[in-house]
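For reference, the structure discussed in these notes is given below.
The values are calculated or read from the model by the stated rules, or taken from the named source; none is laboratory data. Note that this is a predicted model, so its numbers are computed, not measured. Reconstructed Cβ throughout: ideal geometry from the backbone, glycine too, with neighbour counts over all protein chains shown. What goes into the accessible areas is simple: the full protein's heavy atoms, side chains included, and nothing from ligands, DNA or RNA. Shrake-Rupley method; radii C 1.70, N 1.55, O 1.52, S 1.80 Å.
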Amino acid sequence: MAISDVQVKGSFISTYDSSGKEIAYMSESDHEVVGIGSDFFVTVKGSFIYTFDDQCKEIAYMSKSDHEVRGAAGSNFTTKKGSFIYTFDKSCKEISYRSV
């Protein structure tokens, strides 16, 4: 299902569809939402980057190791590390990188 919005309310993260109906929710537990794609969202918690689906189920995670998440679009998210921009899929698999 497509995600229209992800909101943090109190101690919960909720996903919403295009009609504004809540799809699912999860405990926020120190996760910071840093990107929303079409069918997943990205969080940072401690030294890891996580991806979750519309049902708030974890898809994958990776070490943050100096990667700063720039955002998400479609089925991918981008990070910046040093003078490079990296593109990852929602399974945290690196697709490409380029210099800034």
**Message:** Once R0 is set to 41 Å, what does the formula 1/(1 + (r/R0)^6) return for the Cβ-Cβ distance between SER63 and GLU22, expressed as a FRET efficiency to the nearest 0.05?
**Reply:** 0.85
**Prompt:** Counting only heavy atoms of protein chains, what accessible area per residue, in Å², does the chain have with a probe of 1.4 Å?
**Reply:** 56
**Message:** How far apart, in nanometres, would the label points at GLU32 and LYS81 be if each is projected 7 angstrom from Cα along the Cα-to-Cβ direction?
**Reply:** 1.8
**Asked** Carbon-plus-sulfur fraction of the accessible area of the chain, 1.4 Å probe, in percent?
**Response** 46
**Item:** Ranked order, ASP66, ASP5, ASP17 - accessible area, probe 1.4 Å, largest first
**Value:** ASP66, ASP5, ASP17
**Item:** Flagged links, alpha-carbon separation over 24 Å, of LYS21/LYS57; LYS57/LYS81; LYS21/LYS45; LYS45/LYS93; LYS45/LYS90
**Value:** LYS57/LYS81; LYS21/LYS45
**Request:** Could you calculate, for the chain, the ratio of the Cα radius of gyration to the Kirkwood radius, expressed as Rg to Rh?
**Result:** 0.97
**Item:** Theoretical gain in end-to-end length, ASP39 to ALA73 [0.36 nm per residue, Cα-Cα removed]
**Value:** 11.3 nm
**Fill in**
For VAL42 the rounded accessible area (nearest 10 Å², probe 1.4 Å, non-protein molecules ignored) is 0
**Request:** State the Cα centre-to-centre distance between region 1-38 and region 47-100 in whole Å.
**Result:** 17
**Prompt:** PRE reach from SER47 (point 7 Å along Cα→Cβ): which of region 58-87 fall under 17 Å by backbone N?
**Reply:** 61-69
**Message:** With an 8 Å Cα cut-off and a minimum separation of 6 or more residues, compute the relative contact order for the chain in percent.
**Reply:** 18
